[in-house]
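The values are calculated or read from the model by the stated rules, or taken from the named source; none is laboratory data. What you are looking at is a predicted structure, and each value in this text was computed from that prediction instead of being measured. Here the Cβ is made from the backbone with ideal geometry for all residues, glycine too, and neighbour counts use every protein chain on show. Quick note on the areas: whole protein, heavy atoms, side chains included, nothing else; ligands and nucleic acids left out. Shrake-Rupley method; radii C 1.70, N 1.55, O 1.52, S 1.80 Å.
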Amino acid sequence: NPNWKTNCMGWNIAPEGMKDMLLWIDQRYNQNITIYITENGSCEDEPNVETARHDIKRQTYLEAYIQSVAEAIVEGGVKVGGYFAWSFMDNFEWQFGYQRRFGLYYVDFDTLERTPKQSALWYRDTIKMNGANIGK
């Protein structure tokens with residue numbers, strides 16, 4: 001859909017698709033399975049630590065996708081056993097090496113210093129509050 005937002009990789013951002021997919025899997029397998037989302041995240045252009053600290057696009061992405069998961073649970077009765085953000089910290093990506101950053105923590109690849117991004121702090125708070133901060 002040309003109206004969808006994209007991340008710096010050009011990948012579509014469509015959180016409603018997460019809900020649709022969870023509902024489809026649940027219906028397809030007759031509500032007999034627990035689903036784990038093992039890898040969900042977004043890459044943003046973060047050329048330095050100061051830019052990375054204010055990664056509002058990643059936070060917005062995670063919030064929208066987690067909201068869609070919650071809707072599938074509440075509205076559709078989908079059993080979700082876990083949601084895991086990709087990734088905990090910036091790492092080597094097979095196609096782009098160290099140029100693309102997906103992490104909740106910024107990694108200075110020269111010193112290996114790790115700095116939490118805004119999304120990491122938000123994700124921490126979301127876990128502590130069991131999602132009560134979503135949409136607030």
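Checking each residue in segment 27-65 for being under 9 Å from the mean Cα position of the chain (by Cα), more than 12 Å from Asn7 (Cα to Cα) and among the small types (Gly, Ala, Ser) picks out only Ala64. Is it the case that segment 58-77 has a residue that's basic (Lys, Arg), touching a Cys at 6+ places or on another chain (Cβ under 9 Å) and modelled with pLDDT of 95 or more? Among the residues of segment 58-77, at least one is basic (Lys, Arg), touching a Cys at 6+ places or on another chain (Cβ under 9 Å) and modelled with pLDDT of 95 or more, which makes the answer yes. One residue alone among Asp90, Asp45 is of a type in the set (Asp, Glu) and in contact with a Cys (Cβ under 6 Å, 6 or more places away or on another chain), and that residue is Asp45. Taking residues in segment 87-106 that are within 17 Å of Glu50 (Cβ to Cβ), and partners anywhere that are in a loop (DSSP other than H, G, I, E, B) and of a type in the set (Lys, Arg), the pairs with Cβ atoms closer than 6 Å and at least 6 places apart or on different chains are Leu104/Lys117; Tyr106/Lys117. Residues in segment 50-64 that are in contact with a Gly (Cβ under 9 Å, 6 or more places away or on another chain) and within 21 Å of Thr38 (Cα to Cα): 4 in all. Taken over segment 91-115, the criterion of being under 19 Å from Gly10 (Cβ atoms) and among the charged types (D, E, K, R) is satisfied by Glu93, Arg100, Arg101. Scanning segment 103-136 for residues that are charged (D, E, K, R) and touching a Ser or Thr at 6+ places or on another chain (Cβ under 8 Å) turns up just one, Asp108. Out of all the residues in segment 111-136, which are open to solvent by less than 20 Å² (accessible area, probe 1.4 Å) and assigned to a helix (DSSP H, G or I)? Passing the criteria: Ser119, Ala120, Thr126.
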